[in-house]
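Visitor: For reference, the structure I am asking about is given below.
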Amino acid sequence: MALIAPSLLSADFLNLGSDIDMINNSEADWFHLDVMDGLFVPNISYGMPIIAQIKKRAKKTCDVHLMVVEPQRYLEDFKKAGADYLTVHYETGYHIHRTLTSIRALGMKAGLAINPHTPVEMVKDIIHDIDLLLVMSINPGFGGQKFLPTTFNKIREARQLIDQSGSKTLIEIDGGVTLENISDIIAAGADVLVAGNTVFAAPDPADMIKRLKQAGK
Ligand code: DX5
Ligand code: ZN
C-alpha cells in the first residue's frame, strides 16, 4: 500500500501544533518537511529550529526535503533536528555520492531528489546508495502547482531501474498530487505520495488523507 506524506508547507503555521496532531491521528504515514533557501528555489520556508520543534510533537517518520544549495554543510544539523529521511537534490552537487554516504553514516535514510529536467538514468550508478528517490512532479519552490504529466514516464523508468537493480529504494512523488491523479501515479510505480495543498485546502484534512490512502490501496 502506498504511503501518504502530508507536506506541512501548506499547514497553518499559527496553529502548527494542531495540524501536527491532526496528522498524528490520521492515516498519514510520514510528515514531509520542505526546507527552501531562496537560492536553489525562488522561495524561503523554514529550517532546523522549526523542524526540531515539529519533531517534539510528531509521532511519525519525518521526511525532510532539502531544497538548498550546498546541502552537505547542514547534514549534522538536520540529524540533530530529528530528520529520519534526509533528501538532497541531485542538481546541487559535484559530489552527491559523498553526501548520500554521509547521510547514511549519520544514521539517517538517504534521499535523492531529481528536478523535472533531470533524467532518471542520472541516478543509475548510485541507486544502491539511495533509500528514497524523490521524483519532482513540479518545479520545486511552491505548493499548489499542477502535476507535470511527463512525470508518469519517469516513474515507470524509475520503477524499472529499481526493480532491475534489486534495490529497495522507495519512489516518492512530490507536487500536484490529487485525488484525481493518485491512482495513476501509484499504478506507474510510486511508493510514497507527498500532498500539501490537496490535504490542507480540504474542508476536512484528515478525511482527505483517508481518501488519498484509500485511493492508494
Ligand atoms: C514544493 C515542495 C512540495 C510541496 C508540495 O517544492 O517540495 O513538497 O509542499 O505541495 P503540493 O502538494 O501542494 O503540490
Ligand atoms: Zn517537498
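Visitor: What number of residues within segment 71-83 satisfy the criterion of being over 17 Å from L39 (Cβ atoms), in contact with a Ser or Thr (Cβ under 8 Å, 6 or more places away or on another chain) and either aromatic (F, W, Y) or within 16 Å of ligand 1 (Cβ to nearest atom) (or both)?
Guide: 0
Visitor: To continue, here is another question. With respect to T178, determine if the residue is part of a loop (DSSP other than H, G, I, E, B) and within 11 Å of ligand 1 (Cβ to nearest atom).
Guide: So T178 fits the description; yes.
Visitor: Specify the residue that is farthest from I54 (Cα to Cα); the eligible residues are those in segment 95-114 that are within 16 Å of ligand 1 (Cβ to nearest atom) and aliphatic (A, V, I, L, M).
Guide: Here the answer is I114.
Visitor: Quick check on Y74: is it in a loop (DSSP other than H, G, I, E, B) and among the aromatic types (F, W, Y)?
Guide: no
Visitor: Considering only segment 3-27, state which residues are in contact with a Lys or Arg (Cβ under 8 Å, 6 or more places away or on another chain) and more than 13 Å from ligand 1 (Cβ to nearest atom).
Guide: Correct list: G17, I20, D21, I23, N24, S26, E27.
Visitor: Considering only residues that are away from ligand 2 (no atom under 14 Å from the Cβ) and either crowded, with 19+ Cβ neighbours inside 10 Å or of a type in the set (F, W, Y) (or both), which ones fall in segment 172-185?
Guide: N181, I182, I185
Table: residues versus (1) buried (at least 18 other Cβ atoms within 10 Å of the Cβ); (2) within 29 Å of R57 (Cα to Cα); (3) acidic (D, E).
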| position | (1), (2), (3) |
| --- | --- |
| D77 | no, yes, yes |
| Y85 | yes, yes, no |
| H89 | yes, yes, no |
| H95 | no, no, no |
| L100 | yes, yes, no |
| A110 | yes, yes, no |
| P116 | no, no, no |
| V120 | yes, no, no |
| H128 | no, no, no |
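Visitor: Being more than 12 Å from ligand 1 (Cβ to nearest atom) and surrounded by fewer than 20 Cβ atoms within 10 Å (Cβ to Cβ) is the filter; apply it to segment 192-214 and report the residue that is nearest to the chain's Cα centre (by Cα).
Guide: Among those residues, the one meeting the criterion is K213.
Visitor: Then there is this: May I ask you to list pairs of residues, at least six apart or on different chains, whose Cβ atoms are under 6 Å apart, with the first in segment 1-22 being without any contact (Cβ under 8 Å) to a residue 40 or more places away in the chain and the second being away from ligand 1 (no atom under 13 Å from the Cβ) and aliphatic (A, V, I, L, M)?
Guide: Correct list of pairs: I20/A58.
Visitor: I want to confirm something. Restricting to segment 142-175 and keeping residues that are assigned to a loop (DSSP other than H, G, I, E, B) and of a type in the set (G, A, S), which single residue is farthest from G111 (Cα to Cα)?
Guide: Taking the candidates together, the pick is G144.
Visitor: From D34, D12, grab the single residue that is acidic (D, E), within 19 Å of G196 (Cα to Cα) and surrounded by 21 or more Cβ atoms within 10 Å (Cβ to Cβ).
Guide: One residue alone meets the criteria, D34.
Visitor: Here are the criteria: (1) surrounded by 16 or more Cβ atoms within 10 Å (Cβ to Cβ); (2) within 30 Å of K217 (Cβ to Cβ); (3) of a type outside the set (D, E). Tell me which single one I50 does not satisfy.
Guide: Among (1) surrounded by 16 or more Cβ atoms within 10 Å (Cβ to Cβ); (2) within 30 Å of K217 (Cβ to Cβ); (3) of a type outside the set (D, E), I50 violates only (2).
Visitor: T92 fails exactly one of the following numbered conditions: (1) touching a residue at least 40 places away in the same chain (Cβ under 8 Å); (2) more than 13 Å from ligand 1 (Cβ to nearest atom); (3) closer than 18 Å to F200 by Cβ. What is the number of that condition?
Guide: Unmet condition: (3).
Bear in mind that the values in this text are calculations on the coordinates, not laboratory data. For clarity, every value in this text was computed on a predicted model and none was experimentally measured. With ideal geometry, Cβ positions are generated from the backbone for all residues, glycine too; neighbour counts draw on all protein chains shown.
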